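Trainee: Please find one structure pasted underneath; my questions will follow.
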């Protein structure tokens, strides 16, 4: 099964923080991510994290994340104010998982980053 790790992070977030968030989510869910999904605006740091994790990278547009917000289970007023979507990690994971994708793990926070898993 394809498992998508969707991530979100603060500005200036280092790649190792994204890696730590993904690893924490994998441990909680008992699954291993095969794809990393991130907002387009975080493409550089997400690319570093994807290389460190050894997975493919999918960059997700704000419009794609907005389209799946109704399927997200967490909301962040901070994210909504900053990027226009209330669930970045879940939105990225669900958008990259495709129309039949479901959340396998709701957003968790790990330091500077958040991660959710979808499949």
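Trainee: Consider residue 36 carefully, then state whether it is closer than 15 Å to residue 8 by Cα, modelled with pLDDT of 95 or more, in a strand (DSSP E or B) and in contact with a helix residue (DSSP H, G or I) (Cβ under 7 Å, 6 or more places away or on another chain).
Mentor: Here the answer is yes, as residue 36 does meet what is asked.
Trainee: Tell me which residues, restricted to the stretch 1-16, are surrounded by fewer than 19 Cβ atoms within 10 Å (Cβ to Cβ) and either modelled with pLDDT of 95 or more or within 11 Å of residue 117 (Cα to Cα) (or both).
Mentor: 2, 14, 16
Trainee: Among the candidates 56, 37, single out the residue that is within 14 Å of residue 115 (Cα to Cα) and in contact with a strand residue (DSSP E or B) (Cβ under 7 Å, 6 or more places away or on another chain).
Mentor: After ruling out the rest, the residue left standing is 37.
Trainee: If I ask for residues that are free of Cβ contacts under 8 Å to residues at least 40 places away in the same chain and within 15 Å of residue 39 (Cβ to Cβ), which ones from the stretch 82-106 would you list?
Mentor: Within the stretch 82-106, 82, 84, 85, 86, 87 qualify.
Trainee: Before we move on, is residue 21 crowded, with 19+ Cβ neighbours inside 10 Å, at pLDDT below 95 and at negative phi?
Mentor: no
Trainee: Residues in the stretch 45-59 that are within 20 Å of residue 11 (Cα to Cα) and either touching a residue at least 40 places away in the same chain (Cβ under 8 Å) or assigned to a helix (DSSP H, G or I) (or both): how many?
Mentor: Qualifying residue count for the region: 9.
Trainee: Here's a follow-up. In the stretch 72-112, how many are within 18 Å of residue 31 (Cα to Cα) and in a helix (DSSP H, G or I)?
Mentor: 7
Trainee: Go through (1) farther than 16 Å from residue 10 by Cβ; (2) surrounded by fewer than 23 Cβ atoms within 10 Å (Cβ to Cβ); (3) touching a residue at least 24 places away in the same chain (Cβ under 8 Å) and name the single condition residue 41 misses.
Mentor: (1)
Trainee: Checking residue 118 against (1) under 12 Å from residue 8 (Cβ atoms); (2) surrounded by 21 or more Cβ atoms within 10 Å (Cβ to Cβ), only one condition comes out false. Which one?
Mentor: Going through (1) under 12 Å from residue 8 (Cβ atoms); (2) surrounded by 21 or more Cβ atoms within 10 Å (Cβ to Cβ) one by one, residue 118 breaks only (1).
The values are calculated or read from the model by the stated rules, or taken from the named source; none is laboratory data. Just so we're clear, the structure is a prediction, and the values are computed from it rather than from any experiment. All Cβ positions, even for glycine, are placed from backbone atoms using ideal geometry, and neighbour counts span all protein chains on display.
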